[in-house]
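Bear in mind these aren't lab numbers, they're just calculated from the coordinates by the rules spelled out. Model, not experiment: these values are computed from the prediction. Backbone-built Cβ (ideal geometry, glycine too); neighbour counts: all protein chains shown.
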Amino acid sequence: MDRRILIYAAVAQDGLLAGKVLSSVGIETLVCNGSEAVLAALAEGAGALLVVEEVIADAAIEQRRRFVEA
C-alpha cells in the first residue's frame, strides 16, 4: 500500500482513465471519490497522491495539507 498512487479527480472518468494507464505499467492505484475517501486512503498508506487542478481549489485542501505536514 505504501507504493500505490491515490488518484483524486474532479471527474470520475478522468480518475478511472488515469488509473487504467498507471495500472497498465504495473503501478497500483486507487481512485478516490471525495475528500473523505482521500484522507482515509492516505491514512492506510500511499506512495503518492495525484490531484487534478480543479480539486485543489476545493475547500478541503486544508485537510490534505495538514495530513501531509503531519
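If the elastic network links every pair of Cα atoms under 10 Å, which of LEU30, LEU42, LEU17 fluctuates the most in the Gaussian network model of the chain?
LEU17
Return the long-range amide H neighbours of ILE7 (sequence gap of 5 or more, or a different chain), with a cut-off of under 5 Å between placed amide H atoms.
Placed amide hydrogens put LEU30, VAL31, CYS32, LEU50 under 5 Å from ILE7.
For the chain, with only Lys/Arg (+1) and Asp/Glu (-1) charged at the beta-carbon, what is the dipole magnitude about the Cα centre, in debye rounded to 20? Before the final figure, lay out each step's value.
Working: 6 positive and 10 negative charges, 38 e Å.
Roughly 180 debye, rounded to the nearest 20.
Roughly what % of Cα-Cα distances in the range 1-41 sit above 16 Å, to the whole percent? The partial results should precede the final answer.
Values: 248 of 820 pairs.
Summing the P(r) tail past 16 Å for the range 1-41 gives 30 percent.
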